[in-house]
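Shown next, in structure tokens, is the structure this report addresses.
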Amino acid sequence: MRVLDVGSGWGEYSFELGKYVKEVIGIEPYKKVYNVAIKSKSIRKSRINFYNCKVEDFHTKGTFDLIVSLTTVEHMSHVERSFKKIFSLLKPGGMVYVTAPNKWWLFESHYGLPFLGWVPLSIADRYLRITGKGRSYKDCSYSRSYFGMKKLFNQYPCEYYFHLPDEKAAYLGCGSRGFFNPFIRSFGIKLIQRMPIFWSISKGFIVVATKNK
């Protein structure tokens, strides 16, 4: 398989994927974490290459069997343009695997502040400064709701579904620490299994899409 890791960061997932596939290309627009990836000792004996650019500015020969975009949607200022490029780089029958936080989850996923993702950007910036958590929320402000994610994927030539993980698996969501988190995770998964409309208040999403042949 040939794999594209969109928003590859310092290469955590790229290096893991590289153990099992023919080739991995990581795309990372932030120079600081890109530099960490290319300096990693793991890259010396791997078939992994990193590029410092946005996915919409990336050019390559051929297409990919699998494209992963893990917690990057909320950082994409032009998400429709980004995913248009992603699907153009995907071969027919290829798969896109996406994880993303839910805009309407009570506690914002990056800063842990209640209602941060609900308010206008100017108020969110002020909220961050008052709490001492940061200066600007703009970079993380592009997350989408359940219906927003559906609207996004409906634009592209694919079949997609929202995937529920195994209750005991490690995944982006309520973690295993704390007294209530395992209960909330288990209860939430069972609730969505019975009534998918509860995806609308889940902490985040796993979306699996297959490009039409």
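General observations
- Projected area averaged over orientations for the chain, convex hull of C-alpha atoms, nm²: 12.8
- DSSP beta bridges in the chain [antiparallel fraction, %, rounded to 5]: 40
- The stretch 121-142-the stretch 33-103 distance, computed between alpha-carbon centres (Å): 26
- Between Asn181 and Ile201, the FRET efficiency estimated from the beta carbon spacing at R0 = 22 angstrom works out to 0.85.
- Partner lysines whose Cα lies under 16 Å from the Cα of Lys54, excluding those fewer than 8 positions away in the same chain, are identified as Lys31, Lys32, Lys84, Lys85.
- A Cβ-based charge dipole, computed about the Cα centre of the stretch 61-148 with Lys and Arg at +1 and Asp and Glu at -1, lands at about 220 debye.
- Across Met1, Met149, Met195, Met76, the residue with the most accessible area heads the list, and the full order at a 1.4 Å probe is Met1, Met195, Met76, Met149.
- Charge dipole (debye, nearest 20) of the stretch 55-213; +1 at Cβ of Lys and Arg, -1 at Cβ of Asp and Glu: 140
- Positive dipole terminus of the stretch 78-213, leading residue within Gly117, Met95, Gly204 (C-beta point charges): Met95
- Residues with amide H under 5 Å from that of Leu90, placed H, sequence gap 5 or more: Phe64
- Sequence-ordered 3J(HN,Hα) estimates for the stretch 122-136 from the Karplus curve with 6.51, -1.76 and 1.60 and θ = phi - 60° stand at 4, 6, 4, 4, 5, 4, 4, 5, 5, 7, x, 8, x, 10, 9 Hz, glycine and proline given as x.
- Hz values of 3J(HN,Hα) by residue in the stretch 93-102 - Karplus curve (6.51, -1.76, 1.60), Gly and Pro given as x: x, x, 10, 10, 10, 10, 10, 7, x, 8
- Here each label is just a point 7 Å from Cα along the line to Cβ, and for Thr60 and Ile38 those points are 1.6 nm apart.
The values are calculated or read from the model by the stated rules, or taken from the named source; none is laboratory data. Quick caveat, the model's predicted, so the values are computed rather than measured. Cβ sites come from the backbone with ideal geometry, for glycine too, and all protein chains shown count toward neighbours. Only protein heavy atoms, including side chains, enter the accessible area calculation; ligands, DNA and RNA are left aside. Shrake-Rupley method; radii C 1.70, N 1.55, O 1.52, S 1.80 Å.
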